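Each remark here refers to the structure printed beneath this line.
The values are calculated or read from the model by the stated rules, or taken from the named source; none is laboratory data. Remember, predicted model here, so these are calculated numbers, not experimental data. FYI the Cβ positions are ideal-geometry reconstructions off the backbone, even for glycines, and counts take in every protein chain you see.
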Amino acid sequence: MTVIVILGSANWASGPSPALRRRTLYGAKLFHESNAAYVVACGGLLKHPPIEAEVMRDILQSAGVPDEVIRLETRSTTTGENLNFVLPILDDLGTRSIILVTDWYHLPRAKLVARRLGLSCVGVSPGLRATHIGQQARSALREIPAYIAYWLRLKGRPGPKS
């Protein structure tokens with residue numbers, strides 16, 4: 001069984017950020033087009049309430065994803081926490097196979113963490129339609145040191161037990 005895991009992004013005072021909305025709607029589209037059994041929305045409370053995963057649930061429901069297939073991970077504030085905190089949910093569902101949804105620039109680091117945690121992971125990203133190129137470039141540049149930091153941090157840790 002495969003589960004779609006959507007990584008959160010900022011929730012603004014005015015509502016979901018464009019990235020949060022884009023990722024979530026893409027996850028809903030994948031759910032409708034695939035044989036995934038569940039969708040997990042990841043993200044806790046950052047700067048502005050409500051909790052990201054709860055905002056994502058509302059977007060998923062408005063996109064026709066049934067409530068009974070939506071699971072929420074509501075504590076995370078980082079990519080590492082997203083994937084660590086989703087592990088018990090996946091264990092309850094009896095799978096380690098995920099389709100990971102996030103933006104293209106974030107995907108290499110997210111997949112690095114997922115694979116290090118023993119997840120069978122396919123990464124996908126929504127298109128760049130209706131995105132600001134400047135923001136995409138800034139985000140991509142920010143990912144370079146973040147990827148290196150995560151790689152160095154995870155390098156010395158033992159991998160998952162077989």
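Things worth noting here:
- Among residues of the stretch 6-38, those that are free of Cβ contacts under 8 Å to residues at least 12 places away in the same chain and charged (D, E, K, R), counted: 1
- Scanning the stretch 97-110 for residues that are within 10 Å of the chain's Cα centre (by Cα), within 12 Å of Val5 (Cβ to Cβ) and of a type outside the set (A, V, I, L, M, F, W, C) returns a single hit, Thr102.
- Selection status of Leu90, in a strand (DSSP E or B) and either crowded, with 18+ Cβ neighbours inside 10 Å or touching a residue at least 60 places away in the same chain (Cβ under 8 Å) (or both): no
- The set of residues in the stretch 44-73 being part of a loop (DSSP other than H, G, I, E, B) and touching a Leu at 6+ places or on another chain (Cβ under 8 Å) consists of Ile51, Ala63.
- Matching entry among Ala13, Ala37 (being farther than 20 Å from Leu107 by Cβ and in contact with a His (Cβ under 7 Å, 6 or more places away or on another chain)): Ala13
- When Val39 is tested against the conditions (1) outside any loop (DSSP other than H, G, I, E, B); (2) modelled with pLDDT under 95, the lone failure is (2).
- Residue in the stretch 22-43 that is within 20 Å of Ser120 (Cα to Cα), β-branched (Val, Ile, Thr) and touching a strand residue (DSSP E or B) at 6+ places or on another chain (Cβ under 9 Å) present: yes
- With respect to the conditions (1) of a type in the set (D, E, K, R); (2) surrounded by 14 or more Cβ atoms within 10 Å (Cβ to Cβ); (3) modelled with pLDDT of 95 or more, Arg23 lacks only one, and its number is (3).
- Only one of the numbered conditions (1) crowded, with 19+ Cβ neighbours inside 10 Å; (2) in contact with a Phe, Trp or Tyr (Cβ under 9 Å, 6 or more places away or on another chain); (3) not small (Gly, Ala, Ser) is not met by Ile59, and that is (2).
- Members of the stretch 110-130 found to be basic (Lys, Arg) and modelled with pLDDT of 85 or more, listed by number: Lys111, Arg115, Arg116
- Residue check: Ala13 meets all listed conditions (1) aliphatic (A, V, I, L, M); (2) surrounded by 14 or more Cβ atoms within 10 Å (Cβ to Cβ); (3) at pLDDT below 95 but one, namely (2).
- Pairs where the first residue, in the stretch 39-56, is within 14 Å of Ser14 (Cβ to Cβ) and the second is assigned to a strand (DSSP E or B) and among the aliphatic types (A, V, I, L, M), C-beta under 9 Å, 6+ apart: Val55/Ala41
- Residue identified as within 12 Å of the chain's Cα centre (by Cα) and surrounded by fewer than 17 Cβ atoms within 10 Å (Cβ to Cβ) among Val40, Val124, Val69, Val113: Val124
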